[in-house]
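Step one of this worksheet: look at the structure below.
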C-alpha cells in the first residue's frame with residue numbers, strides 16, 4: 001500500500017481513516033487462555049496465509065516450578081536449531097547454550113510461581129519455507145543462570161503449519177494469556 005501524506009486543511013475521510021488503521025503494523029490475530037496445571041498449550045489457528053511473520057506474547061499466569069519455556073511449531077518434532085548467548089546478572093559473565101536438530105526451540109521464555117513470560121517472533125510458520133525464531137530470554141533464577149539474551153533459532157522443516165505449542169521445560173502452567181499478532185505485509 002502506498003503511503004499517503006496529508007496536507008494542512010485536507011479533510012481526513014472515514015475511508016482514509018479505516019484504510020490506514022486497517023494497515024497498521026501489528027494486527028491482533030487471537031488470544032488464548034492457558035488452563036489449570038497443563039503440561040503444554042497448543043495455540044490453534046495461530047498462523048495463516050494472511051501474514052508471514054508473527055509476534056507471540058505470553059503474560060500472566062504461573063508455573064509449578066521455575067523453568068524455561070519451549071516453543072514448537074505444528075507437528076514438527078525434529079530439525080530445530082537454536083542458540084542463546086546471554087549476559088549474566090549475578091557475575092557479569094556470559095553463558096552460551098544451544099540445540100542442534102532437537103525437538104523444540106528452548107529458552108524462548110521463562111516462568112515461575114509468579115509469571116509466564118514469552119515475547120517471541122516467528123517468521124514463515126505458514127509458508128513452505130524454513131521457519132525462524134527470535135525470542136527474548138530474561139530470567140533471574142533458571143538453573144542458577146541469572147541473565148538475559150536473545151534466543152535465535154531455525155526450523156529447517158518446510159511444511160506449512162497453523163499451530164504452535166508453548167511448553168515449560170518441567171512442571172505445569174496455570175493461567176495467563178497467549179496473544180498472537182501478525183505483522184502486516186504492506
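Please treat every number below as a calculation from the coordinates, not as lab data. Values in this document were obtained by computation on a predicted structure and should not be read as measured data. Every residue, glycine as well, gets a Cβ built from its backbone with ideal geometry; the counts of neighbours run over all protein chains shown.
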Exercise for the section: Enumerate the residues in region 105-131 having an amide nitrogen under 16 Å from the point lying 7 Å beyond the Cα of residue 160 toward its Cβ. Expected result: 124-131
Handout entry: Inter-label distance for residue 119 and residue 184, nm, one decimal - labels placed 7 Å from Cα along Cα-to-Cβ
Key = 2.2
Fill in the blank from the handout: Rounded to 0.05, the calculated FRET efficiency for the beta carbons of residue 89 and residue 8 at R₀ = 45 Å is 0.35
Practice task
Consider just the alpha-carbon atoms of region 27-183 and return their Rg together with their Dmax, both in angstrom.
Solution key: 14.7, 45
Problem - Cβ-derived FRET efficiency at R0 41 Å, residue 130 paired with residue 33, nearest 0.05 - result: 0.85
Problem - Spatial extent of region 42-110: Rg and Dmax, with the Cα atoms as the point set, Å - result: 14.7, 45
